[in-house]
Amino acid sequence: MKRFRKIISMVLAVAMVATLAACSGPGTSSNSAASAAASAPAESKEAAKKDITVGVSLLTRQHVFYNNIENALNEKAKELGVKLIVQDANQDASKQLSQVQDFITQKVDAIILCPTNSAGSKSMVELASKANIPVLTMDVPSDGDTVCHVSTDNYKGGELAAEYLVNNVLKDKKGKAAVITYSEIEGCVNREKGFTEWIGKNAPDIKVVDVQNYSGDQAKAADVMQNMLQKHADLDAVFCVGDPAAMGALSSIKSANKKVKIIGFDGNAEGIAEIKKPDSLWIADVAQDPAAIGETALQAAVDTINGKTVEKKIAISPFMIDKTNAK
């Protein structure tokens, strides 16, 4: 009898378990697990998008061009939901290297550089690459193997400046011109080359009699221009590869009471203001689009992080500003 009761109890227990399982609904517990598993990847993907961090090392914050790039980066970051860590290298290669090392320590998802010097920045790119962090460059290219470089078409900008000089100043294709360059920055050297090579091909009787470096220092540009005027009293025009150079040159030309015409490069507000003045010696500027450079670089960084292929080089077209369209 006891054995029979024990068997009955076991049968009832099994039946109760089966009933409870049935009452829980068809696959309720397994569906919940499946739902959690299915939603986890979506949630993690969404989190990955929100958690993207990009480190940015600017060449300098002392130049309005880079201020405009930074503003565009910040606005684009808000749109994309990206966290930015922006640092100012202040034209110091050692400082920039330290910033890249910090970005690596912070495990950012990508690094955008405006190298302080094209040659020598390769070591920074290699450090980041070893940490599996993609590196992109803006404005100034690197001698390292970067994922993408975004900048103004600088060579084309130099050509535009030369063409403007011939069409609007030295119309008989004769005269003397000089160039204030920035030898440490490859993009500025390309501006110089675009200018001098276009003149050589299309107006060989216009002589580029002097090319000097201002190293990004406006005060030095004033000294360089003063030296050029002493050596070439009959100079007709000067092409400056950056607006700070043009500002420095303008002060020296005015002090020497000369009439040398200036073509700048950047399209900054202070340059445009000078161009708009009556009888201004600063007659034109090759304008860049810093906002487009910043926005494009950050979008390329995010696309790279998300596994998309981006172009190795993205050129932003420059354009001329003179009195006819200065605003």
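The values are calculated or read from the model by the stated rules, or taken from the named source; none is laboratory data. Treat the numbers as computed from the prediction; the structure is a model and nothing was measured. Every residue, glycine as well, gets a Cβ built from its backbone with ideal geometry; the counts of neighbours run over all protein chains shown. When the accessible area is computed, the model is the full protein with side chains, heavy atoms only, and any ligands, DNA or RNA have been set aside. Shrake-Rupley method; radii C 1.70, N 1.55, O 1.52, S 1.80 Å.
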Give the cross-link partners of residue 130 among the lysines, using a straight C-alpha distance below 18 Å as the criterion and excluding same-chain residues fewer than 8 apart. 107, 122
Can you list the residues, at least 5 places off or on another chain, whose amide H is less than 5 Å from the amide H of residue 282, using H built in the peptide plane? 262
Which distance in Å, rounded to a whole number, links the C-alpha centroids of region 179-234 and region 254-320? 18 Å
I need the phi-derived Karplus couplings for region 145-150: 6.51 cos²θ - 1.76 cosθ + 1.60, θ = phi - 60°, integer Hz, Gly and Pro marked x. 8, 8, 5, 7, 10, 10
Which whole-Hz ³J(HN,Hα) couplings does region 296-310 yield from phi under the Karplus relation 6.51 cos²θ - 1.76 cosθ + 1.60, θ = phi - 60°, glycine and proline marked x? 5, 5, 5, 4, 5, 5, 5, 4, 4, 4, 8, x, 8, 8, 10
Distant-in-sequence amide H partners of residue 213 (H built 1.01 Å from N, under 5 Å): 181
Listed by chain and number, the lysines with an alpha carbon less than 20 angstrom from that of residue 201, same-chain partners under 8 positions apart left out, are 156, 171, 173, 174, 176, 193
The ³J(HN,Hα) series, computed from each phi in region 129-142 with the Karplus coefficients 6.51, -1.76 and 1.60 at θ = phi - 60°, rounded to the nearest Hz and given as x for glycine or proline, is 4, 4, 8, 6, 10, x, 10, 10, 10, 10, 6, 10, x, 10
Keeping all protein chains in place, calculate the accessible area per residue for region 239-315 (probe 1.4 angstrom), answer in Å². 40 Å²
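Which order do the peptides 269-281, 192-204, 136-148, 306-318 come out in when sorted by mean C-beta neighbours inside 10 angstrom, highest first?
So the order, starting with the most tightly packed, is 136-148, 192-204, 269-281, 306-318.
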